[in-house]
Each structure stands twice: as structure tokens, then as C-alpha cells.
Amino acid sequence: GTKLKSVLSSFSQVPRELKPLPSDRHSLDDSCVRLNTNENPFPMPEVVMQSAIAALEQQYLYPEHDNIGLREAAADAYGLTKDQVIAGNGSSELLGLIYRAFLAPGDRVAMLSPGFSFNRKLAMLQGAQFLEIECGQSGVLPVEELLSGPAEGAKFILLANPNNPTGTFVSVAEIERLAAQSDRLIVLDEAYVDFAPDNGLRLIDHYPNILVLRTFSKSYAAAGIRIGFGFGHPEIIGRLRNIQNVFNMNVIGQAVGVSILAHRDAYEENHRHIKQERERVSFALSQLGFSVTPSHANFLLARVPAGQDGRWWQKAMKRRKVLVAAFSESFLKKHIRVSIGTREQMDILLSEASEILGKPK
Ligand code: PMP
């Protein structure tokens, strides 16, 4: 009893409110249609698969400790130098590094709200104050609010573009306006940008206060392999790399990342499919009485038809083996978020939703 108490009381840096995410065991033969975490069911191109298999032969070696091969490949692909690139075990690893590097207890960080909720947890871990700046679903950047008032002292500003969970997209010109007026770091999380009409990568050459994050979890359908990138000014990238764990990525992640970069054109058809399917499903859901936010990502945020809330819909769909996301935030209580998958998966979503509503299929 007293030993355990003594050890637990030494967890001074771990806030008691922090709870682990509920576990979501799944196996490859899982019969559920998983539309709750914005994955992309596009099968790995054969050539990328071969790179993963070849990497297995190096399993007895440590991976490159600094991901040099992958960083060089990314620099080549995106027209940068390797010093402008950091590679992460998913972009969430890089988000974690940014919070650790920039925030001491009591510091402030500002995020557009609604936003990617993992950020709230990272801020809490640092003992930092997490400011959520209302942006709603308008897709208009509240530049003045991000720069004055409570957000004025924020150590950095986080914006995802397209945003999660809304799918809204703000123009690169708006982001440039924010970067030009601010001396603070702007973390531009472009996890979903390959489904959008433009991207902000070119801004890093003019604004050292912009750090762009990308991931291969969504548009490159590799969420299980864990590949993410940060692109920014060499000095900022260098500082982040200094606090990164050595061997943060494994040999398979490094090899698959290099191979995806070399075969990006193999994914273009998938991106076209997702954008088309997004519009079809958006229309079909609105025919069923959902109110759908126009999306530039691989998911849709939909306000459910009157009468029930998002959690009710999440449970009703789960009983029918379709997983969708629902939210605790009060202003999203009436919403669900559904990822865009294959045509077949989307047809299942639509037919189950219409059955729940008692409408003929
Ligand atoms: N940023 C945003 C906005 C996301 O939605 C996600 C995934 N849900 C991530 C970052 C993290 O992605 P990953 O760690 O798989 O790269």
C-alpha cells in the first residue's frame, strides 16, 4: 500500500484528469465498417508492398537513427533541403515534440476550435493552458482573435487545414496574412491537404514562423505504418530533431515512406475517388435529413436529423457494425463524423442510416 502510494505520488508531471482512450481492438477479419478514424482503405500498391518486405531483411539492424534516407527523399519530392525536414513515427509524434519543445507549465497555446482533440491532451501533459479560438464551421480564419486578447501570449498557434473534425479549408492567403502579422510559431497541420484544392508548403520559404505537418496516414493510406513529416526553417527543425528519440521510426516505416514518395502518382486515382465519393455521400446524407458541412478532407461532419444526438447515432450505427465518430463538445453533440472509404462501404453507411430513419432503401 505505502510503496504504491509513494510511487504514484511521484507522477508529478502526469495530470490525474488524463484518461487513456478507450481501447479499440480490431483484427483483419473484423466485419465492422470502420469510418470513425479517417483511415483510407486503399490497398498498398504492389511496389510499396515489396519495399516493406525488403525492409524486413534488415530487421536485425537498427534503423537510420535520424531518418536521413527518408528525409532526403521527402526533401527531393517536395523541393526542400533535408535540413528543412523532420520525420516522425506518425505526425502525432511530431506534435508531441512541438508541445514539449515550446511549452513550460503555465504557458499558453491556441488552437482553432473545433479542432483535433489530441492537442488538448498534449497541452495538459505540459501543464499548459489550452485556448480554443472559436472558428465554427465557417472556414474563415479569425486572424485578429488569434493575435490579440487571451491568445496574444500563446507560444504557438495550431491550425489544421483542412480542419478536423469540420473538414473546412481556409485559403493559403488567409494563413499567410496570419503568419505575416505574427511573430509566433504557426503549426500548420496539413494531415488532410491532399484532398484539398491548395496547400501552404510554399509559405515556409518566406515565413520562418510556419511549421507544416504532413502525414501518410490519410492520403497515402498508411496509418498503421506510422509516417509523418514536419517541414520548416532549418533552425526550428534542428531544435526539434535535437529532442527527438533516436530510432523513432523503424526500418519498415522508413522504407515504405521512401517508396510512397517515389510512387505518389499511384495514389492520385484514390484521391480522385475520395473527393468524388465525398460529394456523392454528402448529397445522399443531406437527402436523408443530415446537414453536412462542405468538406475538403476524407471525411464528412454531419449534423444528425432532429430528434436524436450524435452519440445515439454512433450507438445505433455500431449495432449495425458501422463505426462513426461522435463528440463530447457541447456544440458538436448533434454531429457525427464519417470517413470516406470505398464505394461499397459508403453504400452500407447510407443504407443503414436510411433503415435507422425508417426510410425505404
Ligand atoms: N493531425 C490531424 C488533424 C489529424 O486528424 C490526425 C489523425 N487523426 C493527426 C494529425 C495524426 O495523424 P498521424 O499521427 O497518424 O500522422
* Any chance Ala262 is small (Gly, Ala, Ser) and within 30 Å of Ala55 (Cα to Cα) -> yes
* Structure fact -> Being of a type outside the set (Gly, Ala, Ser) and within 16 Å of the ligand (Cβ to nearest atom) narrows Val172, Val187, Val143 down to just Val187
* Is there a residue being surrounded by fewer than 20 Cβ atoms within 10 Å (Cβ to Cβ) and in a helix (DSSP H, G or I) anywhere in region 288-309? -> no
* Of all residues in region 167-208, count the ones that are in a loop (DSSP other than H, G, I, E, B) and closer than 30 Å to Ala302 by Cα. => 13
* Considering residues of region 75-95 that are surrounded by fewer than 20 Cβ atoms within 10 Å (Cβ to Cβ) and among the small types (Gly, Ala, Ser) only, the residue farthest from Ile260 (Cα to Cα) -> Ser92
* Collect the residues in region 321-343 that are crowded, with 20+ Cβ neighbours inside 10 Å and hydroxyl-bearing (Ser, Thr, Tyr), keeping them in residue-number order. => Ser339
* Can you find a residue in region 27-42 that is surrounded by 10 or more Cβ atoms within 10 Å (Cβ to Cβ), small (Gly, Ala, Ser) and assigned to a loop (DSSP other than H, G, I, E, B)? -> no
* Structure fact -> Met249 vs (1) outside any helix (DSSP H, G or I); (2) not assigned by TED's automatic domain parsing to the domain that holds Asp83; (3) not polar (S, T, N, Q): all pass except (2)
* Counting just the residues of region 84-123 that are of a type outside the set (A, V, I, L, M, F, W, C) and away from the ligand (no atom under 15 Å from the Cβ), which one comes out nearest to His335 (Cα to Cα)? -> Arg108
* Asked: If Arg264 satisfies every condition in (1) within 20 Å of the chain's Cα centre (by Cα); (2) of a type outside the set (S, T, N, Q); (3) surrounded by 14 or more Cβ atoms within 10 Å (Cβ to Cβ) but one, which is the exception?
  -> (3)
* Top-ranked residue of region 43-60 - restricted to ones that are closer than 25 Å to Lys275 by Cβ and not in a helix (DSSP H, G or I), ranked as nearest to the ligand (Cβ to nearest atom) -> Met44
* Asked: Is it true that Met111 is crowded, with 18+ Cβ neighbours inside 10 Å and under 18 Å from the mean Cα position of the chain (by Cα)?
  -> yes
* To do: Among residues belonging to region 213-251 that are of a type in the set (Val, Ile, Thr) and surrounded by fewer than 20 Cβ atoms within 10 Å (Cβ to Cβ), point out the one that is nearest to the ligand (Cβ to nearest atom).
  => Ile243
* Out of all the residues in region 193-201, is one or more out of contact with any Lys or Arg (no Cβ under 6 Å at 6 or more places or on another chain), away from the ligand (no atom under 16 Å from the Cβ) and touching a residue at least 60 places away in the same chain (Cβ under 8 Å)? -> yes
* Any residue in region 286-301 that is free of Cβ contacts under 8 Å to residues at least 24 places away in the same chain, over 19 Å from Asn164 (Cβ atoms), aliphatic (A, V, I, L, M) and not assigned by TED's automatic domain parsing to the domain that holds Lys82? -> no
* To do: Identify all residues within region 311-360 that are within 19 Å of Glu277 (Cβ to Cβ), in a loop (DSSP other than H, G, I, E, B) and not hydroxyl-bearing (Ser, Thr, Tyr); write none if there are none.
  => Ile340, Gly341
* Could you please let me know if Ser23 is closer than 23 Å to Asn270 by Cα, of a type in the set (Gly, Ala, Ser) and more than 16 Å from the ligand (Cβ to nearest atom)? => no
* To do: Kindly indicate whether Gly167 is farther than 28 Å from Arg71 by Cα and either of a type in the set (A, V, I, L, M, F, W, C) or in contact (Cβ under 8 Å) with a residue 12 or more places away in the chain (or both).
  => yes
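The values are calculated or read from the model by the stated rules, or taken from the named source; none is laboratory data. Note that the structure is a prediction, hence the values are computed from the model and not measured. Heads up, the Cβs are rebuilt from the backbone with ideal geometry, glycines too, and the neighbour counts pull from every protein chain shown.
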